[in-house]
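Only one structure is covered here, and it is reproduced in the block below.
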Amino acid sequence: MIYLIDHEDSFTYNLAHLLDSIEPTVVSNYYEINYKKLHKASTIVLSPGPGEPKDYPLTSEIYKKYKGKKKILGICLGFQHIVHSEGGKIVQQKNILHGYQSRIKIISDKSIFNKNSDLLGGRYHSLKLEEPFISKSMTITMRCTKTNVAMAIEDDINQVYGFQFHPDSFLTPNGKYLIKKIISR
Amino acid sequence: MLNNKEYLDKLYQSDKSIIIYKNDTGFEVYTDFSKKIIIDKKNIKNFLNIQSKEKSSRIDGLNCYIGFFGYKLLCENIGIKLPKQKTTNFYSGLFYKPKTKISIGKKIIIKSTKTNFRNIKTNTKKYSKLNKNFNLNLTLQQYSKLFDDFSKNIKQGKTYQIKIAQTYSKKGNINAIDLFWQLMQINESPESFLIRDKGYSIISCSPETLLLKKGDLIKTKPIAGTLRKTKKINHNKALAFFRRNEKETKEHNMIVDMERNDLSKICKTGSVKIDKLKKVEEYRDLFHYVTTIKGVLKNKITNHDIISSLMPGGSVIGCPKISTIQLLNQKEKSDRNIYTGSFGIIHSNGDMRFNIMIRTLLNFKNAIELSVASGVILGSTAKKEYNENYIKAKSLLDLFN
């Protein structure tokens with residue numbers, strides 16, 4: 001079972017349908033987390049949402065508690081949650097992108113996806129990961145081909161994955177493939 | 001005895017309560033209401049899930065309720081409390097059960113369970129002519145201030161897109177029927193409607209279908225993207241404009257993903273599909289950019305679940321819905337009233353059709369009001385959006401001399 005924490009976003013259920021088509025998924029509002037169910041889940045997914053990671057301290061706690069014990073996937077704000085918990089800084093970006101489709105390239109051989117291939121991704125974010133981002137276990141594996149902004153991080157040993165773009169958006173034609181590869185890993 | 005046409009004319013000239021709703025082939029006119037139910041946050045669930053399902057008429061077309069939910073009620077229904085705002089204390093929501101239905105298409109067809117429904121008295125009330133001078137609640141300067149504040153909120157990631165509403169108002173009383181048919185001549189929009197009741201009237205040329213539910217199939221048709229019409233621009237040029245225009249495209253993309261989300265809440269996994277992506281629709285003063293999204297409802301989803309998931313309609317608020325409504329509430333000084341609420345029909349078999357109440361004029365307590373909104377999105381300017389609002393209001397403002 002996948003447990004999806006909804007940070008009251010208007011895209012969460014697009015993600016829920018994607019996940020549920022792969023493995024049964026429970027969606028829960030950030031303010032109504034069911035810790036028993038969460039504990040039983042095989043994968044925890046952190047949804048997109050407004051604001052920044054520090055607005056949602058419970059999510060950071062959950063991340064720290066379950067990192068390395070369960071598979072964790074973060075989308076957009078969820079991605080930012082992961083890098084924030086790993087000591088990264090989230091800052092405003094110059095060009096704010098809401099509803100944009102960008103070309104994204106896989107740049108690392110540590111990625112579970114094929115290095116040097118690229119894909120189209122839908123983006124809805126005002127904030128980004130400040131770089132350099134230094135982490136022992138995490139690698140930035142995808143970047144926007146135009147702005148070079150970090151689009152994905154992966155830590156395959158602890159099974160933590162994050163996308164700054166939205167695999168759930170209709171602007172990401174191969175979104176399901178990305179999610180499926182992670183869930184079935 | 002009056003023939004159907006004469007009866008209809010006399011009905012218009014009477015002081016009877018009446019509702020007119022545009023459909024695919026013409027108009028439906030409803031009258032002789034046996035029930036009138038005020039809807040508030042306490043009874044909305046019961047009304048949708050129980051009361052509206054009662055089958056009380058032997059004529060199928062009359063087993064329905066027609067009416068509207070105001071914006072405030074729809075916010076309260078999803079757990080958002082609105083702060084104290086300037087209000088006219090108009091109905092929070094109101095639904096009518098008809099005993100007579102007149103379908104205007106190629107022919108006029110009347111169905112009624114009322115005896116002697118053709119007996120009606122003509123009203124002699126005279127209306128004075130109204131001029132075009134409306135007050136606007138926000139100056140360009142005030143609008144720009146809001147625009148800047150919300151732009152900051154977007155940069156902070158608190159909202160991705162937010163729609164500022166403006167209200168045109170003036171004193172006076174309208175002859176709703178006359179104005180409605182005038183409006184239909186110049187701008188017959190797919191979700192047009194009229195309500196004339198004692199004490200108030202509403203006329204609308206809304207273009208936006210929020211939901212269409214038939215059996216377990218559901219559809220929504222969000223509009224995002226507006227282009228002013230000129231002699232030089234035809235349908236194809238409008239399409240080329242929208243495709244090229246980054247601001248319109250990203251605004252539209254966001255609404256498509258948001259409406260997919262709202263449908264996904266209540267639909268079976270994998271059933272939500274984009275039916276027609278990014279089509280251009282043509283109206284008197286403008287072109288709109290429209291997408292149709294559909295899905296198959298999950299088992300055990302109630303009409304209240306559907307209303308709660310889709311209303312208030314996202315395209316007139318911004319995204320994400322909840323945080324954006326909260327930001328709007330901090331800044332909008334007067335209540336939106338019926339604006340961005342929904343008008344529509346609920347059949348006793350559970351089928352529903354609802355619009356979003358935009359391009360909608362309310363006449364209540366000797367005051368006429370009309371609101372419009374456009375989006376704060378980075379890359380646009382306050383002045384441009386301020387002017388876009390005027391184009392949206394124009395076909396209704398033009399009804400006044």
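Things worth noting here:
- Restricted to the stretch B:1-114, the set of helices (runs of 4 or more DSSP H) holding at least 2 residues that are of a type outside the set (Gly, Ala, Ser) and within 23 Å of the chain's Cα centre (by Cα) comprises B:44-49, B:71-77.
- Any chance B:Ser323 is among the polar types (S, T, N, Q), within 12 Å of chain A (Cβ to nearest Cβ), farther than 18 Å from B:Ile44 by Cβ and in a loop (DSSP other than H, G, I, E, B): no
- The stretch B:364-379, residues that are surrounded by fewer than 18 Cβ atoms within 10 Å (Cβ to Cβ), within 14 Å of another protein chain (Cβ to nearest Cβ) and at negative phi: B:Leu378
- Residues that are of a type in the set (Gly, Ala, Ser) and within 14 Å of chain B (Cβ to nearest Cβ), drawn from the stretch A:33-49: A:Ser47, A:Gly49
- If the condition is being among the aliphatic types (A, V, I, L, M) and either part of a strand (DSSP E or B) or on the phi > 0 side of the Ramachandran plot (or both), then the stretch B:350-363 contributes B:Met352, B:Leu361, B:Leu362.
- Filtered residues of the stretch B:150-194 (kept if within 14 Å of another protein chain (Cβ to nearest Cβ), in a helix (DSSP H, G or I) and without any contact (Cβ under 8 Å) to a residue 12 or more places away in the chain): B:Lys152
- Qualifying positions in the stretch B:37-76 - more than 14 Å from B:Ser308 (Cα to Cα) and of a type in the set (Ser, Thr, Tyr): B:Ser52, B:Ser56, B:Ser57, B:Tyr65
- Qualifying residue in the stretch B:129-149 (condition: free of Cβ contacts under 8 Å to residues at least 24 places away in the same chain, over 24 Å from the mean Cα position of the chain (by Cα), more than 29 Å from B:Asn401 (Cβ to Cβ) and surrounded by 20 or more Cβ atoms within 10 Å (Cβ to Cβ)): no
- Residue identified as free of Cβ contacts under 8 Å to residues at least 60 places away in the same chain, more than 8 Å from every other protein chain (Cβ to nearest Cβ), hydroxyl-bearing (Ser, Thr, Tyr) and under 16 Å from B:Lys321 (Cβ atoms) among A:Tyr30, A:Tyr56, A:Tyr13: A:Tyr30
- Test: residue in the stretch B:218-234 that is at pLDDT 95 or above and either over 25 Å from B:Tyr339 (Cβ atoms) or among the acidic types (Asp, Glu) (or both): no
- B:Lys145 vs. criteria under 30 Å from A:Lys54 (Cβ atoms) and within 14 Å of chain A (Cβ to nearest Cβ): no
- Within the stretch A:21-35, the only residue that satisfies the criterion of being in a helix (DSSP H, G or I) and within 11 Å of A:Tyr3 (Cα to Cα) is A:Tyr35.
- Meets criteria (at the interface with chain A (Cβ under 8 Å from one of its Cβ atoms) and surrounded by fewer than 23 Cβ atoms within 10 Å (Cβ to Cβ)) for B:Ile274: yes
- Boolean, A:Val45 is in a strand (DSSP E or B) and surrounded by 22 or more Cβ atoms within 10 Å (Cβ to Cβ): yes
- The lone exception for B:Ser57 - which of (1) in contact with a His (Cβ under 9 Å, 6 or more places away or on another chain); (2) without any contact (Cβ under 8 Å) to a residue 60 or more places away in the chain; (3) not aliphatic (A, V, I, L, M) it fails: (1)
- Looking across the stretch A:167-185, just one residue is in contact with a strand residue (DSSP E or B) (Cβ under 6 Å, 6 or more places away or on another chain) and within 12 Å of A:Leu73 (Cα to Cα), and that is A:Ile182.
- The set of residues from the stretch B:329-349 being over 30 Å from B:Asp216 (Cα atoms) and outside any helix (DSSP H, G or I) comprises B:Glu332, B:Lys333, B:Ser334, B:Asp335, B:Arg336, B:Asn337.
Each row is one residue, and each column tells you yes or no for (1) surrounded by 14 or more Cβ atoms within 10 Å (Cβ to Cβ); (2) of a type in the set (Asp, Glu).
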position	(1), (2)
B:Ile218	yes, no
B:Lys232	no, no
B:Phe241	yes, no
B:Glu246	no, yes
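- Filtered by the rule that a residue be at pLDDT below 90 and either within 18 Å of B:Leu138 (Cα to Cα) or outside any strand (DSSP E or B) (or both), the stretch B:366-380 gives B:Ser374, B:Gly375, B:Val376, B:Ile377, B:Gly379.
- Test: A:Ser21 is facing chain B (nearest Cβ under 10 Å), in contact with a helix residue (DSSP H, G or I) (Cβ under 6 Å, 6 or more places away or on another chain) and either surrounded by fewer than 24 Cβ atoms within 10 Å (Cβ to Cβ) or more than 16 Å from A:Ile183 (Cβ to Cβ) (or both): no
- Exactly one residue among B:Asp305, B:Asp262 is assigned to a helix (DSSP H, G or I), surrounded by 23 or more Cβ atoms within 10 Å (Cβ to Cβ) and touching a residue at least 24 places away in the same chain (Cβ under 8 Å), and that residue is B:Asp262.
Residue by residue, here is whether (1) over 17 Å from A:Leu178 (Cα atoms); (2) out of contact with any Lys or Arg (no Cβ under 9 Å at 6 or more places or on another chain); (3) not aliphatic (A, V, I, L, M) holds:
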position: A:Ile134; (1), (2), (3): yes, yes, no
position: A:Ser137; (1), (2), (3): yes, yes, yes
position: A:Thr141; (1), (2), (3): no, no, yes
position: A:Val160; (1), (2), (3): no, no, no
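- Checked against the criterion of being within 12 Å of another protein chain (Cβ to nearest Cβ) and outside any helix (DSSP H, G or I), the stretch B:277-290 has at least one qualifying residue.
The values are calculated or read from the model by the stated rules, or taken from the named source; none is laboratory data. Here the structure is a predicted model, which means the values were calculated and not measured. Ideal geometry is used to build each Cβ from the backbone, glycine not excepted, and the neighbour counts take in all protein chains shown.
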